[in-house]
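Engineer: I'd like to ask some things about the structure below.
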């Protein structure tokens, strides 16, 4: 049998984000097929067979690919609206528009969201999609198709809502599903699209939207469904003080206790935001290994508050980073969240000791892999792991005078991505996508955003 085709990357700084935070000031990495074959200090070993490409990465930092743990792609079409609202007011303002989406809109929005993330170093993405209007087409299929075309590894968190305005929730009555319909559609999505194998490109999670948009029955039965099917669970939790008040008034307990009562704490669960967590809440997450998707830019945009990330990490809570929807984080970028996570958390009680640059990078890579249940496959540069990795260019004016490459990446300006690989397949070169026409995506998203605004009566 012929030897596998190899790509050799050398002469770069390497931050492996392994358990020891191993770094090489100058090193190499060898890709063999879809795996990392070897890496280390200095130049690559001599005599490697079937080397089809050598990349001289002088002036670059090599890291694991970034892992996004929370997003809402459809919101790409409603960026820049309701810019001075808190969460509940923002949702009330935008739900009537979101309830008008259809398959072409969702596909275009997913293309725009994925393209932006991939250009910025994301190799594993997810989408929490929970708006399924009647007769709107195959929305889940459209999102998965866009991810496949972009070339990123992907988790679809198949969301749902069954608590509308008439039930005391926030979504319009016509924007929600029935309990039975949501569970059945979620199960079909898992059966059709979830791949449980090592190196899977598409996985599905069960993801009722939030305590204030779903019934207790949907949460409880959703958890039972996920565990019967062997998939992960995702939802929003403890995002705002208004949510905490809502839970106490409706259920007689705070969000964490409510989630625990419905089966929603465990190592197969991750929740977005978790801003308003007391010591007991954090201890419960740490004890059960419930994961958190930290979304610092969105939390700031909606004035939700500062999540206690240093305390979560100290308690053993798995924490990754999330873009969140682009209607509350218009940039749609994840690499900017490395910097924002560090800066915003330093405004909290731990001040300058809250997070280091290495911890910020870990949140965006290995932490995200933990949260998605894929830490054995991705999130660090180690022999035998999948070749999901990014070369960041750090020798230009914006970064060249910063001696520490990790500090340059985290604290400096957004670093250009020279190359990004998923499963050893390159998806970005010199900041441009290789498999998607970015200009066509820009035109499509603009067209669909205008069409949605017309249908919703905004223009």
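Engineer: Identify the single condition in (1) over 25 Å from residue 185 (Cα atoms); (2) assigned to a helix (DSSP H, G or I); (3) more than 20 Å from the chain's Cα centre (by Cα) that residue 227 does not satisfy, given that it satisfies every other one.
Structural biologist: (1)
Engineer: Within the stretch 233-256, count every residue that is surrounded by fewer than 24 Cβ atoms within 10 Å (Cβ to Cβ), out of contact with any helix residue (DSSP H, G or I) (no Cβ under 7 Å at 6 or more places or on another chain) and in contact (Cβ under 8 Å) with a residue 24 or more places away in the chain.
Structural biologist: Kept after step one, since they are surrounded by fewer than 24 Cβ atoms within 10 Å (Cβ to Cβ), are these residues of the stretch 233-256: 240-254.
If we keep only those that are out of contact with any helix residue (DSSP H, G or I) (no Cβ under 7 Å at 6 or more places or on another chain) as well, we get 241, 245-246, 248-250, 252.
Next cut, in contact (Cβ under 8 Å) with a residue 24 or more places away in the chain only: 241, 246, 250.
Qualifying residue count for the region: 3.
Engineer: Sticking with this structure for a sec: With respect to residue 199, is the statement that it is in contact (Cβ under 8 Å) with a residue 60 or more places away in the chain and more than 30 Å from residue 379 (Cβ to Cβ) true?
Structural biologist: Numbers: in contact (Cβ under 8 Å) with a residue 60 or more places away in the chain: yes; more than 30 Å from residue 379 (Cβ to Cβ): no.
Against the criterion (in contact (Cβ under 8 Å) with a residue 60 or more places away in the chain and more than 30 Å from residue 379 (Cβ to Cβ)), residue 199 does not qualify.
Engineer: Test residue 379 against the criterion of being touching a strand residue (DSSP E or B) at 6+ places or on another chain (Cβ under 8 Å), surrounded by fewer than 16 Cβ atoms within 10 Å (Cβ to Cβ), part of a loop (DSSP other than H, G, I, E, B) and not assigned by TED's automatic domain parsing to the domain that holds residue 24, and give yes or no. Full working, then the answer.
Structural biologist: Numbers: touching a strand residue (DSSP E or B) at 6+ places or on another chain (Cβ under 8 Å): yes; surrounded by fewer than 16 Cβ atoms within 10 Å (Cβ to Cβ): no; part of a loop (DSSP other than H, G, I, E, B): yes; not assigned by TED's automatic domain parsing to the domain that holds residue 24: yes.
No; evaluated as a whole, the condition is false for this residue.
Engineer: Is it true that some residue in the stretch 398-405 is on the phi < 0 side of the Ramachandran plot, buried (at least 24 other Cβ atoms within 10 Å of the Cβ) and not assigned by TED's automatic domain parsing to the domain that holds residue 325?
Structural biologist: yes
Engineer: Please go through the stretch 80-97 and give me each residue that is surrounded by fewer than 24 Cβ atoms within 10 Å (Cβ to Cβ) and either assigned to a helix (DSSP H, G or I) or touching a strand residue (DSSP E or B) at 6+ places or on another chain (Cβ under 6 Å) (or both), ordered by number. Break it down into steps so the answer makes sense when it comes.
Structural biologist: Keep residues of the stretch 80-97 that are surrounded by fewer than 24 Cβ atoms within 10 Å (Cβ to Cβ), which gives 80-86, 88-97.
Within the stretch 80-97, 88, 89, 90, 91, 92, 93, 94, 95, 96, 97 meet the criteria.
Engineer: Out of curiosity, is residue 205 in contact with a strand residue (DSSP E or B) (Cβ under 9 Å, 6 or more places away or on another chain), farther than 19 Å from residue 105 by Cβ and either in a strand (DSSP E or B) or modelled with pLDDT under 95 (or both)? Even if it seems obvious, please write down each step before you answer.
Structural biologist: Values: in contact with a strand residue (DSSP E or B) (Cβ under 9 Å, 6 or more places away or on another chain): yes; farther than 19 Å from residue 105 by Cβ: yes; either in a strand (DSSP E or B) or modelled with pLDDT under 95 (or both): yes.
Yes; evaluated as a whole, the condition is true for this residue.
Engineer: Shifting gears a bit: Just give me the residues in the stretch 221-236 being within 20 Å of residue 132 (Cβ to Cβ) and out of contact with any strand residue (DSSP E or B) (no Cβ under 7 Å at 6 or more places or on another chain), in sequence order.
Structural biologist: 221, 229 - these are the residues of the stretch 221-236 that are within 20 Å of residue 132 (Cβ to Cβ) and out of contact with any strand residue (DSSP E or B) (no Cβ under 7 Å at 6 or more places or on another chain).
Engineer: Just the residues that are surrounded by 15 or more Cβ atoms within 10 Å (Cβ to Cβ), farther than 20 Å from residue 420 by Cα and at pLDDT below 95, please, taken from the stretch 5-49.
Structural biologist: Answer for the stretch 5-49, where residues must be surrounded by 15 or more Cβ atoms within 10 Å (Cβ to Cβ), farther than 20 Å from residue 420 by Cα and at pLDDT below 95: just 48.
Engineer: Got at least one residue in the stretch 331-340 being part of a loop (DSSP other than H, G, I, E, B), out of contact with any strand residue (DSSP E or B) (no Cβ under 9 Å at 6 or more places or on another chain) and under 30 Å from residue 76 (Cβ atoms)? Walk me through how you get there before you give the answer.
Structural biologist: Initial filter on the stretch 331-340 (part of a loop (DSSP other than H, G, I, E, B)): 331-334.
Pick out the ones that are also out of contact with any strand residue (DSSP E or B) (no Cβ under 9 Å at 6 or more places or on another chain) and you get 331-332.
In the following step, the residues that additionally are under 30 Å from residue 76 (Cβ atoms) were identified as 331-332.
Scanning the stretch 331-340, I find at least one residue that is part of a loop (DSSP other than H, G, I, E, B), out of contact with any strand residue (DSSP E or B) (no Cβ under 9 Å at 6 or more places or on another chain) and under 30 Å from residue 76 (Cβ atoms), so the answer is yes.
Engineer: For a quick check of your reading of the model, give me the residue pairs whose first member lies in the stretch 56-81 and is within 12 Å of residue 365 (Cα to Cα), whose second is modelled with pLDDT under 95 and crowded, with 24+ Cβ neighbours inside 10 Å, with beta-carbon atoms closer than 7 Å and at least 6 apart or on different chains.
Structural biologist: As it stands, the answer is none, since no pair meets every condition given.
Engineer: Can I ask one more? Considering (1) touching a strand residue (DSSP E or B) at 6+ places or on another chain (Cβ under 8 Å); (2) assigned by TED's automatic domain parsing to the domain that holds residue 60, say which one residue 384 fails and leave the rest.
Structural biologist: (2)
Engineer: Criterion first (on the phi < 0 side of the Ramachandran plot and modelled with pLDDT of 95 or more) does residue 373 satisfy it?
Structural biologist: Considered against the rule, which asks whether it is on the phi < 0 side of the Ramachandran plot and modelled with pLDDT of 95 or more, residue 373 comes out as no.
Engineer: Follow-up question, since we're still on this one. Look through 61, 77 and report the one residue that is in contact with a strand residue (DSSP E or B) (Cβ under 9 Å, 6 or more places away or on another chain), buried (at least 17 other Cβ atoms within 10 Å of the Cβ) and modelled with pLDDT of 95 or more. Spell out the reasoning first.
Structural biologist: On the way: 77 fails: in contact with a strand residue (DSSP E or B) (Cβ under 9 Å, 6 or more places away or on another chain).
Sole residue among the options that is in contact with a strand residue (DSSP E or B) (Cβ under 9 Å, 6 or more places away or on another chain), buried (at least 17 other Cβ atoms within 10 Å of the Cβ) and modelled with pLDDT of 95 or more: 61.
Engineer: Check 267, 260 and return the single one that is outside any loop (DSSP other than H, G, I, E, B), out of contact with any helix residue (DSSP H, G or I) (no Cβ under 6 Å at 6 or more places or on another chain) and at pLDDT 95 or above.
Structural biologist: On the way: 267 fails: outside any loop (DSSP other than H, G, I, E, B).
One residue alone meets the criteria, 260.
Engineer: A further question follows. Looking at 302, 355, which is the one that is within 30 Å of residue 27 (Cβ to Cβ) and touching a helix residue (DSSP H, G or I) at 6+ places or on another chain (Cβ under 8 Å)?
Structural biologist: Values: 302 fails: within 30 Å of residue 27 (Cβ to Cβ).
Matching residue, one of 302, 355: 355.
Engineer: Please specify each residue of the stretch 169-202 satisfying the condition of being assigned to a helix (DSSP H, G or I) and closer than 15 Å to residue 141 by Cα. Walk me through how you get there before you give the answer.
Structural biologist: Of all residues in the stretch 169-202, those assigned to a helix (DSSP H, G or I) come to 173-175, 179-193.
The answer is 185, 186, 187, 188, 189, 190, 191, 192, 193.
Engineer: Next question, about the same structure. For the stretch 413-447, name all the residues that are surrounded by fewer than 18 Cβ atoms within 10 Å (Cβ to Cβ) and in contact (Cβ under 8 Å) with a residue 60 or more places away in the chain.
Structural biologist: The answer is 414, 425, 431, 432, 434, 435, 438, 442, 447.
Engineer: Give the stretch 101-122 a look and list any residue that's touching a residue at least 40 places away in the same chain (Cβ under 8 Å) and closer than 20 Å to residue 66 by Cα, or say none.
Structural biologist: Going residue by residue through the stretch 101-122, those that are touching a residue at least 40 places away in the same chain (Cβ under 8 Å) are 101, 104-105, 108-109, 111-122.
Those that are touching a residue at least 40 places away in the same chain (Cβ under 8 Å) and closer than 20 Å to residue 66 by Cα: 111, 112, 113, 114, 115, 116, 117, 118, 119, 120, 121, 122.
Engineer: Out of 348, 325, 373, 316, which single residue is surrounded by fewer than 23 Cβ atoms within 10 Å (Cβ to Cβ), under 14 Å from the mean Cα position of the chain (by Cα) and assigned to a loop (DSSP other than H, G, I, E, B)? Let's see the steps before the verdict.
Structural biologist: Details: 348 fails: under 14 Å from the mean Cα position of the chain (by Cα); 325 fails: surrounded by fewer than 23 Cβ atoms within 10 Å (Cβ to Cβ); 316 fails: under 14 Å from the mean Cα position of the chain (by Cα).
Result: 373 is the single residue among 348, 325, 373, 316 that is surrounded by fewer than 23 Cβ atoms within 10 Å (Cβ to Cβ), under 14 Å from the mean Cα position of the chain (by Cα) and assigned to a loop (DSSP other than H, G, I, E, B).
Engineer: Provide a single number: the residues in the stretch 106-150 that are within 21 Å of residue 196 (Cβ to Cβ) and not in a strand (DSSP E or B).
Structural biologist: Of the stretch 106-150, the ones within 21 Å of residue 196 (Cβ to Cβ) are 123-129, 140-141, 143-145, 147-148.
Imposing the further condition that a residue be not in a strand (DSSP E or B) reduces the set to 140-141, 143-145, 147-148.
Within the stretch 106-150, residues that are within 21 Å of residue 196 (Cβ to Cβ) and not in a strand (DSSP E or B) number 7.
The values are calculated or read from the model by the stated rules, or taken from the named source; none is laboratory data. Just so you know, these numbers come straight off a predicted model, no measurement behind them. Reconstructed Cβ throughout: ideal geometry from the backbone, glycine too, with neighbour counts over all protein chains shown.
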